[in-house]
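Just so it is clear, none of the values below were taken in a lab; they were calculated from the coordinates. Because the structure is a prediction, the values reported are computed rather than measured. Methodologically, a virtual Cβ is constructed for each residue, glycine included, from the backbone with ideal geometry; neighbour enumeration extends over all protein chains shown.
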2 protein chains.
Amino acid sequence: MQYDSVSVSMVREMTPQVNRAAVENIVREIVLKRVGPCAQKDAAAHPSRLVVNASARHMHVSQTDLETLYGAGHQLKPRRALYQPGNFAAEETVVLIGLRGRSISNLRILGPVRPASQVELAFTDAVTLGIENLPIRLSGDIEGTPGAFVMGPQGVVELKQGVIRAAIHAHLSPADAEFYGVRHHDVMKLKVGDGAAVTFDHVHARVDPKFRLEVHMDTDEANACALHLAKQVELLKA
Amino acid sequence: MQYDSVSVSMVREMTPQVNRAAVENIVREIVLKRVGPCAQKDAAAHPSRLVVNASARHMHVSQTDLETLYGAGHQLKPRRALYQPGNFAAEETVVLIGLRGRSISNLRILGPVRPASQVELAFTDAVTLGIENLPIRLSGDIEGTPGAFVMGPQGVVELKQGVIRAAIHAHLSPADAEFYGVRHHDVMKLKVGDGAAVTFDHVHARVDPKFRLEVHMDTDEANACALHLAKQVELLKA
């Protein structure tokens, strides 16, 4: 698939509640509009917009763990809607403490709550925290992964496992999947041009009727490919 | 070019003089031995070994700036030989201070001295330092790049320019260049398999009789492609 042209916009939000690097990462959003082949397609069936977002380190939390961290009956407060419908960055943050005592402050919780708590870090974060061999996993696949302590204002949770580097993945609606010729769990490629030209050769396709077309990478990947400089991206079946 | 098999070894060195993350990065070396096609080639003409190294942030210094930082007549003290002949990590480190006052301690100087001082950072470092729009440049191409203050035990140097992200590049001897079918300034690709599968599509070929075959990437790139997990790499003409 070739795109004749793309346009780039970047969204930056600042907040005093998290450190600058985290903020700069969490809000680094590049929206690349597909033009060209889509003009000849049914725009309703294939919304002509490929979004690539860098996810900064964050935590998904179970309701049980949330109540340990923030008190009985606590409900996550949405702070900012994420691109996937229903998902949001919450007001709540925690302190992540590695098993050797080093910590990362202001780790943001993403909502809604999930059946199991999970922490997603970039390798750079894991080095900071002293976690070696951070496994690369799809979200939810946390069996046998490293643990950590998580501290909130009302209590501490020991995660026996659940610290991962999230594998780069694409969210697709069934219509998007048909457009790209892929199915759930297929492998796709993402080519990022300009700046640093990098191809991610193993992008996991995740197909769900609730999804909007979006590639999620982590901040190491975004920095390596200079996502903020990218004027061209191309998603295709591997 | 296909490799039938590769072997990986990783060298780790620890030192109390720089922070752990910097150490982990600076000494992360992956040596991948090419096997297969090279067995049928002249081993002397094409040493069958492709080395991929992640360069942590560092500084190259002019003799003039070195003497401002460390005193008149100071000579760099080699601490560890690097893979390229004659290059070394020096004992000397500096504090790098961004124009907004944020700093990075223990920035290591690499020797030998050069005609102009230059600081090479990963994007992650630039975010830490508050440098936006860190340009991606080949080493030595520093016209119009951001500046910084550098502090040594004997004085401070203001770099008017010279802070870059080094573009990923391959060092090749003329024999290596012939083997890969490339010339100085050509573009090559580096495919890194396993872990995170990533292809770097714009690897600058640098050919010199003094060079040994080696690809240099920065720590963001190494983290993004999970270089320490890589069991397969492939360098080829783009």
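Observations, loosely collected:
- Copies compared at A:THR64 - label distances in nm, ascending, label defined 7 Å from Cα in the Cβ direction: 6.7
- P(r) tail fraction, segment B:118-238 - alpha-carbon pairs more than 21 Å apart, %: 48 percent
- Summed residue charge, Cβ within 9 Å of B:VAL61's Cβ, Lys/Arg positive, Asp/Glu negative: -1
- Net charge contributed by nearby residues that have their C-beta within less than 11 Å of B:GLY152 (K/R +1, D/E -1): -3
- For segment A:56-169, the Kirkwood estimate of the hydrodynamic radius, built from every pair of different alpha carbons, is 13.9 Å.
- With its label point put 7 Å out from Cα toward Cβ, B:HIS184 sits 5.6 nm from the same residue's point in the other copies, in order from shortest.
- Dipole of segment B:107-238, positive direction: furthest Cα of B:ALA166, B:LEU138, B:LEU110, with charges on the beta-carbon: B:LEU110
- Residue order, fewest to most surrounding Cβ atoms within 10 angstrom, among A:SER105, A:SER62: A:SER105, A:SER62
- Within segment A:140-215, GluC sites (Glu not before Pro) in DSSP loop having at most 16 other beta-carbon neighbours inside 10 Å: A:GLU143
- Each other residue within a Cβ distance under 9 Å of A:GLU92 adds +1 if Lys or Arg and -1 if Asp or Glu, for a net charge of +2.
- Exam field: B:SER139 pseudo-label spacings to other copies (7 Å along Cα-Cβ), nanometres: 4.1
- Cβ crowding within 10 Å ranks A:VAL150, B:VAL156, A:VAL233, A:VAL51 as B:VAL156, A:VAL51, A:VAL233, A:VAL150, fewest other Cβ atoms first.
- Reach of B:LYS77 by Cα under 14 Å, taken over aspartates and glutamates that are not fewer than 8 positions away in the same chain: B:GLU67, B:GLU91, B:GLU92
- From the alpha carbon centroid of segment B:172-192 to that of segment B:74-110 is 29 Å.
- Looking at segment B:92-238 alone, DSSP beta bridges between its own residues are antiparallel in about 75 percent of cases.
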